[in-house]
Amino acid sequence: MRELAYLRPDDAASAVEAVAGNPAARFVGGGTNLVDHLKLGVTAPELLVDVRRLPMDAVTETETPDGPGLRIGANVRNSDLAAHPLVRSLFPAVSRALLSGASAQIRHQATTAGNLLQRTRCVYFQDVTTPCNKREPGTGCSALEGYPRYNAILGASEACVTTHPSDLAVALVALDATVVVLGPDGERRVAMGDLHRLPGDRPEQDTTLAHGELVTAVELTAGRLPRRSTYYKARDRASYAFALVSVAGALQLDDDTVTDVRLAWGGVAHRPWRATRAEDALRGRPFSEDAVRAACEEELAAASTSPGTAFKVPMVRNASALVLTRLVREAR
Ligand SMILES: Cc1cc2nc3c(=O)[nH]c(=O)nc-3n(C[C@H](O)[C@H](O)[C@H](O)COP(=O)(O)OP(=O)(O)OC[C@H]3O[C@@H](n4cnc5c(N)ncnc54)[C@H](O)[C@@H]3O)c2cc1C
Ligand code: SF4
């Protein structure tokens, strides 16, 4: 039996102080990921700091120099966020990404911050009897010679080949969201695209956050974005499955010319993958399904596949074509 202390602070600064000052402390939100890991022995903190009662549970409309936006509290439930009328009208990709994840019960318990910071679903990471550099640095990577279906094809390293599991994160990367973080030295803002990291030789670090930094909110601005966005997830069964690949897309056309486009991929890398090369290849050119496929080829030139992951290249290319042509059809 391991001892586990539990704290439920009244304010965010006390929560930060309690975790930042103790390397063996962890924040807990809905607990749907962390508590599983406690039970499996993947993690063994000495102190859980419960942040669910902190006043970070509202979706607030904001007005920015770039137009209307939303501030989403870190504790907003996935189900509430997916159903929010402003999320559905301004950022449909966010709503669709959330609804494609987990089950209704889990979405009702899971929080915005917890979803972004959930850890990989790599089967070896969750099986403490196997070597895993992410769980136990320096022990090796069982996935290199193991079950490949959920492995990365972009940005992986010899140390870790897993993929990032959050659907919400992929949509937020495409939509240039900002994450608001409170640390011992005050508040800072992190671009969503800079929140998660590639594994390199430190796969145990999922994000660029320091220990003890609390996510307090996520901010989205509609004005800078194409008006239409959506999310598509390819998976082994219709629900309750993580992405083989997923695509968040947003598109703006002037006649048939692409004036703006956003494309982010899930299931292909250790972090949500913003397909900037593909975006650059599409911007300013006439839109067509073939043009999307060709643009994706440019992004995928850097892909490294094995027989078990090669299917992801055509899958993410086709899914990207599907997402962007769907947006064009909706616009007409
Ligand atoms: C069966 C099953 C299927 C699932 N399918 C999907 C899926 O298809 N797609 C998908 O995206 N997700 C899926 N999930 C994952 C689920 O969405 C996550 O478990 C959930 O979003 C995590 O949120 P939480 O609030 O419960 O996080 P917690 O478990 O409480 O925490 C997760 C991590 O975030 C940290 N954390 C929590 N809050 C904060 C904060 N405010 N600041 C800093 N750190 C914080 C914790 O320390 C922990 O490391 C699935 C989960 C299950 C169990
Ligand atoms: S892919 Fe990463 S998470 Fe999976 S076993 Fe290898 S090191 Fe661990």
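The values are calculated or read from the model by the stated rules, or taken from the named source; none is laboratory data. Everything numeric in this text was worked out from a predicted model, so none of it was measured. We place every Cβ from the backbone using ideal geometry, glycine too, and count neighbours over all the protein chains shown. For accessibility, only protein heavy atoms count, side chains too; no ligands or nucleic acids. Shrake-Rupley method; radii C 1.70, N 1.55, O 1.52, S 1.80 Å.
Scoring 173-179, 253-259 by mean Cβ neighbours within 10 Å over their residues and listing the highest first yields 173-179, 253-259. Note on surface exposure: Thr112, Thr60 rank Thr60, Thr112 by accessible area, highest first, 1.4 Å probe. Put simply, the chain fits an ellipsoid with semi-axes of 32, 25, 16 Å; these come from the alpha carbon gyration tensor as the roots of five times its eigenvalues, largest first. For the chain, the dipole from Cβ point charges (+1 on Lys and Arg, -1 on Asp and Glu) about the Cα centre works out to 900 debye, to the nearest 20. Note on the stretch 1-85: dipole from Cβ charges, positive end direction compared against Val76, Met56, Val19; the farthest Cα belongs to Val19. Heavy-atom accessible surface of Trp273, to the nearest 10 Å², is about 40 Å², with a 1.4 Å probe and all protein chains retained. Whole-Hz Karplus values for the stretch 109-123 come out as 9, 6, 9, 4, 5, x, 5, 5, 9, 4, 9, 4, 9, 3, 5 Hz, taken residue by residue from phi with 6.51 cos²θ - 1.76 cosθ + 1.60 and θ = phi - 60°; glycine and proline positions read x. Only beta bridges with both residues in the chain are counted; by DSSP, about 85 percent of them are antiparallel. Among 277-289, 206-218, the peptide with the highest mean count of other Cβ atoms within 10 Å heads the list, and the full ranking is 206-218, 277-289. Straight Cα distances below 23 angstrom link Lys39 to the lysines Lys134, with same-chain residues fewer than 8 positions distant left out. Peptides 182-192, 158-168 ranked from most to least packed by the mean count of surrounding Cβ atoms within 10 Å: 158-168, 182-192. Here the stretch 1-124 exposes an accessible surface that is 53 percent carbon and sulfur, computed with a 1.4 Å probe and the other protein chains kept in place. Working note: Karplus 6.51/-1.76/1.60 with θ = phi - 60° gives the stretch 259-274 the couplings 8, 8, 8, 10, 9, 9, 10, x, x, 10, 8, 5, 9, x, 9, 7 Hz, where Gly and Pro are set to x. For the stretch 140-154, the Karplus equation 6.51 cos²θ - 1.76 cosθ + 1.60, evaluated at θ = phi - 60°, returns couplings of x, 10, 5, 6, 4, 10, x, 5, x, 4, 9, 7, 6, 10, 10 Hz by residue, with Gly and Pro reported as x. Farthest towards the positive end of the charge dipole of the stretch 108-253, among the residues Thr139, Pro199, Val170, is the Cα of Val170, using unit charges on the Cβ of Lys, Arg, Asp and Glu.
Amide H contacts of Ala5 (H built 1.01 Å from N, in plane; Pro and chain starts excluded): Leu47, Leu48 sit under 5 Å, all sequence-distant by 5 or more or on other chains.
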